[in-house]
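Data first, discussion second: the structure below is written as C-alpha coordinates.
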Amino acid sequence: MQTINAVITGIGGYVPDYILTNDEISKMVDTTDEWIMGRIGIKERHILKDKGVGTSYIARKAVKKLLQRTQTRPDDIDLVIVATTTPDYRLPSTASILCDKLELRHAFAFDMQAVCSGFLYALETGANFIRSGKYKKVIVVGADKMSSIIDYTDRATCPIFADGGAAFMLEPTTENLGIMDSVLRTDGKGLPFLHIKAGGSVCESSHYTLDNRMHYIYQEGRTVFKYAVANMSDACEAIIERNHLSKYDIDWIIPHQANQRIISAVTQRLEVPSEKIMVNIERYGNTSAGTLPLCIWDFENKLKKGDNLIFTAFGAGFAWGAIYVKWGYDGQENEK
(Lines give C-alpha, C1' and ligand atoms only; values in the text may rest on other atoms or scores of the structure.)
Protein backbone atom coordinates (compact mmCIF):
# COMPACT_ATOMS: atom_id res chain seq x y z
CA MET A 1 0.00 0.00 0.00
CA GLN A 2 1.39 3.38 -1.00
CA THR A 3 1.94 6.00 1.69
CA ILE A 4 -0.14 9.16 1.36
CA ASN A 5 1.56 12.46 2.10
CA ALA A 6 0.40 16.08 1.88
CA VAL A 7 1.95 18.22 -0.84
CA ILE A 8 1.62 21.97 -1.40
CA THR A 9 -0.01 22.46 -4.80
CA GLY A 10 -0.55 26.22 -4.87
CA ILE A 11 -0.41 29.52 -3.03
CA GLY A 12 -2.28 32.82 -2.95
CA GLY A 13 -1.22 35.93 -1.05
CA TYR A 14 -2.40 39.41 -0.21
CA VAL A 15 -1.03 42.56 1.41
CA PRO A 16 -3.02 45.80 1.76
CA ASP A 17 -2.28 48.72 -0.55
CA TYR A 18 -1.37 51.27 2.12
CA ILE A 19 2.37 51.37 2.91
CA LEU A 20 3.55 52.72 6.26
CA THR A 21 7.13 53.99 5.88
CA ASN A 22 9.82 54.54 8.47
CA ASP A 23 9.64 58.26 7.86
CA GLU A 24 5.97 58.23 8.80
CA ILE A 25 6.67 56.18 11.94
CA SER A 26 9.40 58.65 12.93
CA LYS A 27 6.66 61.29 13.15
CA MET A 28 4.69 59.11 15.60
CA VAL A 29 7.51 58.08 17.96
CA ASP A 30 11.11 59.05 18.70
CA THR A 31 12.91 56.98 16.07
CA THR A 32 14.56 57.26 12.66
CA ASP A 33 14.79 55.29 9.45
CA GLU A 34 18.46 54.60 10.24
CA TRP A 35 17.63 53.19 13.71
CA ILE A 36 14.80 50.99 12.43
CA MET A 37 16.86 49.61 9.54
CA GLY A 38 19.89 49.02 11.78
CA ARG A 39 18.03 47.33 14.63
CA ILE A 40 15.11 45.61 12.87
CA GLY A 41 15.73 45.69 9.11
CA ILE A 42 12.30 46.94 8.08
CA LYS A 43 11.87 49.75 5.55
CA GLU A 44 8.12 49.63 5.05
CA ARG A 45 5.06 47.65 6.05
CA HIS A 46 1.55 47.21 4.60
CA ILE A 47 -1.39 48.31 6.78
CA LEU A 48 -5.09 47.52 6.31
CA LYS A 49 -6.73 50.93 6.55
CA ASP A 50 -10.21 49.99 5.29
CA LYS A 51 -12.90 50.53 7.91
CA GLY A 52 -14.95 47.65 9.20
CA VAL A 53 -12.74 44.83 7.93
CA GLY A 54 -10.29 42.56 9.71
CA THR A 55 -8.17 39.47 9.24
CA SER A 56 -10.89 37.58 7.37
CA TYR A 57 -10.67 40.23 4.62
CA ILE A 58 -6.92 39.53 4.20
CA ALA A 59 -7.54 35.78 4.29
CA ARG A 60 -10.40 36.03 1.78
CA LYS A 61 -8.24 37.93 -0.70
CA ALA A 62 -5.45 35.35 -0.39
CA VAL A 63 -7.73 32.30 -0.62
CA LYS A 64 -9.64 33.71 -3.58
CA LYS A 65 -6.35 33.99 -5.49
CA LEU A 66 -5.44 30.47 -4.39
CA LEU A 67 -8.70 29.03 -5.69
CA GLN A 68 -8.30 30.85 -9.00
CA ARG A 69 -4.71 29.77 -9.50
CA THR A 70 -5.34 26.13 -8.62
CA GLN A 71 -8.63 26.12 -10.58
CA THR A 72 -10.42 24.72 -7.54
CA ARG A 73 -14.18 24.92 -7.03
CA PRO A 74 -15.27 26.16 -3.56
CA ASP A 75 -17.40 23.03 -3.06
CA ASP A 76 -14.30 20.82 -3.39
CA ILE A 77 -12.62 22.21 -0.24
CA ASP A 78 -12.78 19.81 2.72
CA LEU A 79 -11.10 21.86 5.46
CA VAL A 80 -9.89 25.39 6.16
CA ILE A 81 -7.42 26.20 8.95
CA VAL A 82 -6.69 29.86 9.66
CA ALA A 83 -3.60 30.62 11.74
CA THR A 84 -4.10 34.05 13.29
CA THR A 85 -3.63 36.05 16.48
CA THR A 86 -5.98 38.80 15.33
CA PRO A 87 -9.34 37.14 14.69
CA ASP A 88 -12.20 39.31 13.48
CA TYR A 89 -14.08 38.50 16.69
CA ARG A 90 -13.56 36.52 19.90
CA LEU A 91 -16.27 34.34 18.38
CA PRO A 92 -17.10 33.04 15.83
CA SER A 93 -13.87 31.88 14.27
CA THR A 94 -12.28 33.80 11.43
CA ALA A 95 -12.20 30.53 9.48
CA SER A 96 -15.99 30.26 9.67
CA ILE A 97 -16.38 33.81 8.33
CA LEU A 98 -14.01 32.93 5.49
CA CYS A 99 -16.13 29.91 4.57
CA ASP A 100 -19.23 32.09 4.40
CA LYS A 101 -17.61 34.84 2.31
CA LEU A 102 -16.19 32.37 -0.24
CA GLU A 103 -19.13 29.94 -0.16
CA LEU A 104 -17.01 26.99 0.93
CA ARG A 105 -20.16 25.00 1.66
CA HIS A 106 -18.66 21.56 2.21
CA ALA A 107 -15.69 22.50 4.39
CA PHE A 108 -15.28 22.46 8.13
CA ALA A 109 -13.06 25.18 9.51
CA PHE A 110 -11.27 26.38 12.61
CA ASP A 111 -8.70 28.91 13.79
CA MET A 112 -5.29 28.07 15.25
CA GLN A 113 -3.51 30.42 17.64
CA ALA A 114 0.22 29.99 18.15
CA VAL A 115 1.10 33.61 17.30
CA CYS A 116 4.14 33.80 15.01
CA SER A 117 4.48 30.00 14.96
CA GLY A 118 0.82 29.58 14.06
CA PHE A 119 1.40 28.81 10.40
CA LEU A 120 3.90 26.07 11.26
CA TYR A 121 1.42 24.41 13.59
CA ALA A 122 -1.43 24.81 11.09
CA LEU A 123 0.65 23.38 8.23
CA GLU A 124 1.49 20.22 10.17
CA THR A 125 -2.12 19.91 11.32
CA GLY A 126 -3.47 20.27 7.79
CA ALA A 127 -0.94 17.75 6.50
CA ASN A 128 -2.13 15.17 9.02
CA PHE A 129 -5.74 15.55 7.86
CA ILE A 130 -4.52 14.77 4.33
CA ARG A 131 -2.44 11.82 5.56
CA SER A 132 -5.53 10.33 7.21
CA GLY A 133 -6.80 9.53 3.71
CA LYS A 134 -10.19 11.10 4.40
CA TYR A 135 -9.55 14.64 3.12
CA LYS A 136 -8.42 15.65 -0.38
CA LYS A 137 -8.20 19.45 -0.40
CA VAL A 138 -7.14 21.40 2.67
CA ILE A 139 -6.49 25.15 2.75
CA VAL A 140 -4.02 26.46 5.34
CA VAL A 141 -4.01 30.22 5.85
CA GLY A 142 -1.61 32.43 7.79
CA ALA A 143 -3.00 35.94 8.16
CA ASP A 144 -2.88 38.78 10.67
CA LYS A 145 -3.97 42.38 11.00
CA MET A 146 -1.25 43.18 13.52
CA SER A 147 -1.93 46.91 13.30
CA SER A 148 -5.09 46.23 15.32
CA ILE A 149 -3.07 45.27 18.41
CA ILE A 150 -0.12 47.67 18.11
CA ASP A 151 0.36 50.79 20.22
CA TYR A 152 1.58 53.45 17.83
CA THR A 153 3.02 55.43 20.76
CA ASP A 154 5.36 52.53 21.65
CA ARG A 155 8.66 52.84 19.76
CA ALA A 156 9.70 49.32 20.80
CA THR A 157 6.90 47.59 18.87
CA CYS A 158 5.23 49.89 16.34
CA PRO A 159 8.03 49.74 13.72
CA ILE A 160 7.98 45.93 13.70
CA PHE A 161 4.49 44.72 12.88
CA ALA A 162 2.32 44.83 9.77
CA ASP A 163 -0.71 43.29 8.04
CA GLY A 164 -0.91 40.57 5.39
CA GLY A 165 -1.33 36.89 4.74
CA ALA A 166 -1.19 33.98 2.34
CA ALA A 167 -2.72 30.55 1.88
CA PHE A 168 -1.48 27.11 0.78
CA MET A 169 -3.45 24.34 -0.87
CA LEU A 170 -2.60 20.87 0.47
CA GLU A 171 -3.51 17.75 -1.51
CA PRO A 172 -2.60 14.05 -1.33
CA THR A 173 0.42 12.62 -3.11
CA THR A 174 2.21 9.29 -3.27
CA GLU A 175 5.36 10.90 -4.69
CA ASN A 176 8.34 11.62 -2.45
CA LEU A 177 7.17 15.20 -2.00
CA GLY A 178 5.33 17.38 0.50
CA ILE A 179 5.42 17.92 4.25
CA MET A 180 8.21 15.49 5.17
CA ASP A 181 8.92 16.11 8.86
CA SER A 182 8.37 18.59 11.67
CA VAL A 183 9.82 19.59 15.03
CA LEU A 184 7.30 21.66 17.00
CA ARG A 185 7.78 22.82 20.58
CA THR A 186 6.12 24.94 23.28
CA ASP A 187 7.62 25.57 26.71
CA GLY A 188 5.28 28.17 28.23
CA LYS A 189 8.12 30.29 29.61
CA GLY A 190 7.39 33.27 27.40
CA LEU A 191 4.39 34.86 29.11
CA PRO A 192 6.30 37.62 30.97
CA PHE A 193 8.26 38.63 27.88
CA LEU A 194 5.69 38.75 25.09
CA HIS A 195 1.98 39.19 25.73
CA ILE A 196 -1.18 41.28 25.57
CA LYS A 197 -2.17 41.77 29.18
CA ALA A 198 -5.88 42.55 28.92
CA GLY A 199 -8.87 41.26 27.00
CA GLY A 200 -8.72 37.61 28.03
CA SER A 201 -10.42 35.75 30.86
CA VAL A 202 -7.68 36.59 33.41
CA CYS A 203 -7.78 40.35 32.89
CA GLU A 204 -11.14 41.26 31.41
CA SER A 205 -11.72 44.40 29.39
CA SER A 206 -12.67 47.46 31.42
CA HIS A 207 -12.38 51.22 31.37
CA TYR A 208 -9.19 50.79 33.40
CA THR A 209 -7.56 48.43 30.89
CA LEU A 210 -8.52 50.71 28.01
CA ASP A 211 -7.29 53.85 29.74
CA ASN A 212 -3.96 52.16 30.54
CA ARG A 213 -3.43 50.83 27.01
CA MET A 214 -3.34 47.20 28.16
CA HIS A 215 -4.79 45.75 24.93
CA TYR A 216 -1.60 46.13 22.91
CA ILE A 217 1.45 43.90 22.48
CA TYR A 218 4.17 44.13 25.12
CA GLN A 219 7.55 42.72 24.13
CA GLU A 220 10.86 42.46 25.96
CA GLY A 221 13.03 42.45 22.89
CA ARG A 222 16.36 41.20 24.26
CA THR A 223 14.89 38.08 25.84
CA VAL A 224 12.78 37.27 22.80
CA PHE A 225 15.82 37.72 20.55
CA LYS A 226 17.93 35.29 22.60
CA TYR A 227 15.26 32.58 22.77
CA ALA A 228 14.30 32.99 19.10
CA VAL A 229 17.84 32.55 17.76
CA ALA A 230 18.62 29.54 19.94
CA ASN A 231 15.36 27.68 19.43
CA MET A 232 14.88 28.33 15.71
CA SER A 233 18.47 27.19 15.10
CA ASP A 234 18.06 24.08 17.28
CA ALA A 235 14.81 23.10 15.55
CA CYS A 236 16.40 23.42 12.10
CA GLU A 237 19.44 21.43 13.17
CA ALA A 238 17.19 18.67 14.55
CA ILE A 239 15.30 18.48 11.26
CA ILE A 240 18.54 18.40 9.26
CA GLU A 241 20.08 15.67 11.43
CA ARG A 242 17.17 13.27 11.62
CA ASN A 243 16.47 13.52 7.89
CA HIS A 244 20.14 12.88 7.07
CA LEU A 245 20.51 16.19 5.26
CA SER A 246 23.50 18.47 5.02
CA LYS A 247 23.55 22.22 4.49
CA TYR A 248 24.38 21.46 0.85
CA ASP A 249 21.10 19.53 0.47
CA ILE A 250 19.00 22.50 1.55
CA ASP A 251 17.74 24.71 -1.23
CA TRP A 252 15.90 27.26 0.91
CA ILE A 253 15.38 28.15 4.55
CA ILE A 254 12.27 30.22 5.20
CA PRO A 255 12.57 31.93 8.61
CA HIS A 256 9.88 33.89 10.38
CA GLN A 257 10.35 37.54 9.41
CA ALA A 258 10.51 39.08 12.90
CA ASN A 259 13.82 40.90 12.87
CA GLN A 260 16.69 40.95 10.38
CA ARG A 261 19.23 40.44 13.18
CA ILE A 262 17.42 37.26 14.28
CA ILE A 263 17.42 35.97 10.70
CA SER A 264 21.14 36.76 10.32
CA ALA A 265 22.04 35.10 13.63
CA VAL A 266 20.12 31.93 12.74
CA THR A 267 21.77 31.87 9.31
CA GLN A 268 25.23 32.13 10.89
CA ARG A 269 24.54 29.37 13.40
CA LEU A 270 23.29 27.02 10.69
CA GLU A 271 26.25 27.92 8.42
CA VAL A 272 23.92 28.15 5.43
CA PRO A 273 24.77 30.68 2.68
CA SER A 274 22.68 33.83 2.90
CA GLU A 275 21.53 33.40 -0.71
CA LYS A 276 19.57 30.31 0.44
CA ILE A 277 17.57 32.31 3.00
CA MET A 278 14.20 33.80 2.00
CA VAL A 279 14.00 37.35 3.34
CA ASN A 280 11.36 39.97 2.58
CA ILE A 281 11.13 41.65 5.99
CA GLU A 282 12.38 44.96 4.57
CA ARG A 283 9.21 45.36 2.47
CA TYR A 284 6.59 43.57 4.59
CA GLY A 285 7.61 43.72 8.26
CA ASN A 286 6.39 41.12 10.76
CA THR A 287 2.92 39.88 9.77
CA SER A 288 3.04 37.17 12.47
CA ALA A 289 1.35 34.02 11.11
CA GLY A 290 1.51 35.55 7.64
CA THR A 291 5.29 35.79 7.24
CA LEU A 292 6.13 32.22 6.18
CA PRO A 293 3.51 31.82 3.43
CA LEU A 294 4.10 35.41 2.27
CA CYS A 295 7.76 34.54 1.73
CA ILE A 296 6.77 31.63 -0.50
CA TRP A 297 4.27 33.85 -2.34
CA ASP A 298 7.12 36.31 -2.94
CA PHE A 299 9.75 33.76 -3.99
CA GLU A 300 7.51 31.19 -5.71
CA ASN A 301 9.04 31.64 -9.18
CA LYS A 302 12.45 30.59 -7.80
CA LEU A 303 11.16 27.23 -6.52
CA LYS A 304 11.55 23.95 -8.39
CA LYS A 305 9.81 20.64 -7.90
CA GLY A 306 11.77 18.58 -5.39
CA ASP A 307 13.52 21.53 -3.72
CA ASN A 308 14.30 20.97 -0.03
CA LEU A 309 12.79 23.72 2.13
CA ILE A 310 12.94 24.27 5.88
CA PHE A 311 10.39 26.60 7.46
CA THR A 312 11.16 27.88 10.96
CA ALA A 313 9.47 30.29 13.34
CA PHE A 314 9.38 31.47 16.94
CA GLY A 315 6.54 33.20 18.73
CA ALA A 316 4.87 34.12 22.01
CA GLY A 317 4.37 31.34 24.48
CA PHE A 318 7.17 30.53 23.78
CA ALA A 319 6.23 28.41 20.75
CA TRP A 320 8.63 27.47 17.96
CA GLY A 321 9.61 24.82 15.47
CA ALA A 322 10.74 23.82 12.00
CA ILE A 323 9.12 21.92 9.14
CA TYR A 324 10.89 20.12 6.30
CA VAL A 325 9.10 20.36 2.94
CA LYS A 326 9.94 18.91 -0.46
CA TRP A 327 8.39 21.39 -2.86
CA GLY A 328 5.71 20.04 -5.17
CA TYR A 329 5.84 22.04 -8.42
CA ASP A 330 7.94 24.37 -10.55
CA GLY A 331 7.09 27.87 -9.39
CA GLN A 332 7.61 29.55 -12.77
CA GLU A 333 4.72 27.49 -14.16
CA ASN A 334 2.34 28.98 -11.60
CA GLU A 335 3.34 32.64 -11.47
CA LYS A 336 0.94 35.12 -9.91
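The values are calculated or read from the model by the stated rules, or taken from the named source; none is laboratory data. The shown structure was predicted, so the numbers you read here are calculated from the model rather than taken from an experiment. Positions of Cβ are generated from backbone atoms using ideal geometry, with glycine treated the same way; all protein chains shown enter the neighbour counts. Protein only, heavy atoms only, side chains kept; ligands, DNA and RNA dropped before computing areas. Shrake-Rupley method; radii C 1.70, N 1.55, O 1.52, S 1.80 Å.
Run through segment 8-81 and list the trypsin sites (Lys or Arg not before Pro) located in a DSSP loop whose Cβ has at most 10 other Cβ atoms within 10 Å.
Lys27, Lys51
Once you sort the root eigenvalues of the Cα gyration tensor of segment 234-336 as a ≥ b ≥ c, which label holds: rounded (a/c under 1.5), prolate (a/b larger than b/c) or oblate (the other case)?
Oblate is the answer for segment 234-336, as a/c is 1.5 or above yet b/c matches or exceeds a/b.
Sort Tyr284, Tyr152, Tyr218, Tyr18 by heavy-atom solvent-accessible area, probe 1.4 angstrom, most to least.
Sorted by accessible area, descending: Tyr218, Tyr18, Tyr152, Tyr284.
Considering only the chain, what is the antiparallel percent among its DSSP beta bridges, to the nearest 5?
70 percent
Roughly how many Å² of Glu175 are accessible to a 1.4 Å probe, to the nearest 10?
100 Å²
Using only the heavy atoms of the protein chains and a 1.4 Å probe, how would Lys247, Lys134 rank by accessible area, largest first?
Correct descending sequence by accessible area is Lys134, Lys247.
Can you give me the accessible area per residue for segment 97-246, using a 1.4 Å probe, in Å²?
Each residue of segment 97-246 exposes 47 Å² on average to a 1.4 Å probe.
Starting from a Cα-only point model with no solvent, please compute log10 I(q)/I(0) by Debye for the chain at q = 0.07, 0.12, 0.14, 0.15 1/Å.
Here log10 of I(q) over I(0) equals -0.26, -0.80, -1.10, -1.27.
Give me the percent of accessible area attributable to carbon and sulfur for segment 4-57, probe 1.4 angstrom.
Answer for segment 4-57: carbon and sulfur cover 49 percent of the accessible area.
For the chain, what does -39500 (n - 2.57) per DSSP helix run (n ≥ 4), summed and divided by total residues, give at 222 nm, in deg cm²/dmol to the nearest 500?
Result for the chain, helices only: -9000 deg cm²/dmol.
Sorting Thr186, Thr32, Thr70 by accessible area (1.4 Å probe), largest first, what list results?
The residues order as Thr186, Thr32, Thr70, largest area first.
For segment 224-336, give me the percentage of DSSP beta bridges that are antiparallel, rounded to the nearest 5 percent.
Counting DSSP beta bridges with both partners in segment 224-336, the antiparallel share is about 60 percent.
What does the accessible area of Met180 come to, in Å² to the nearest 10, when a probe of 1.4 Å is used?
My reading of the accessible area for Met180 is about 60 Å².
By how many nm would the segment from Arg73 to Phe110 lengthen if fully extended, with 0.36 nm per residue of separation less the alpha-carbon distance?
In short, 11.3 nm is gained.
How far apart, in nm, are two points set 7 Å out from the Cα along the Cα-to-Cβ line at Tyr208 and at Ala230?
3.5 nm
At a probe radius of 1.4 Å, what is the per-residue accessible area of Thr3, in Å² to the nearest 10?
110 Å²
Set the Förster distance to 30 Å, then compute FRET efficiency between Arg90 and Asp23 from the Cβ-Cβ distance, nearest 0.05.
It comes out at approximately 0.25.
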